[in-house]
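Shown next, in structure tokens, is the structure this report addresses.
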Amino acid sequence: MLRRADPDDFDEIINLVEIGEDDIYNRVYSFPNVLKLIETAYLAITVIDREGRVVAFAAFEDYPQGMRGMIDDKHFNYWEDWFKRAYEIEEFSAFNTLWLSYFIAGGSLGQQNAQFAFK
């Protein structure tokens, strides 16, 4: 089941991230970054299995990560001009495009259904 992420999902999402005691992923992708994503992302989605456990989490923004702070922190749509020039594609804009900024999967999703994760 897919649903909008909730701050109560944080502990289970962190369990997907934490691999060992001093793993690099723990330092980069754990608290407070995941909690902030749940609360501030344009769209944050949690995948729940049949037993009610969190098996995946994804956060989407309406701007690509590398473009933040390009000129100021209030206008994230500066990516549109760059994207149109770089790829010569006109139909993408902040009104119809979301950018994946974070994704983690584990449990049954990560092991058995990896080919369907981004479908």
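The values are calculated or read from the model by the stated rules, or taken from the named source; none is laboratory data. Since this is a predicted model, take the numbers as computed values, not measurements. In case anyone asks, the SASA skips ligands and DNA or RNA and just uses the protein heavy atoms, side chains included. Shrake-Rupley method; radii C 1.70, N 1.55, O 1.52, S 1.80 Å.
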Interchain or long-range residues, amide H under 5 Å from residue 102's placed H:
59
With all protein chains modelled, accessible area of residue 37 [1.4 Å, Å²]:
30
Residue 104 accessible area, 1.4 Å probe, all protein chains in place, Å² to nearest 10
40
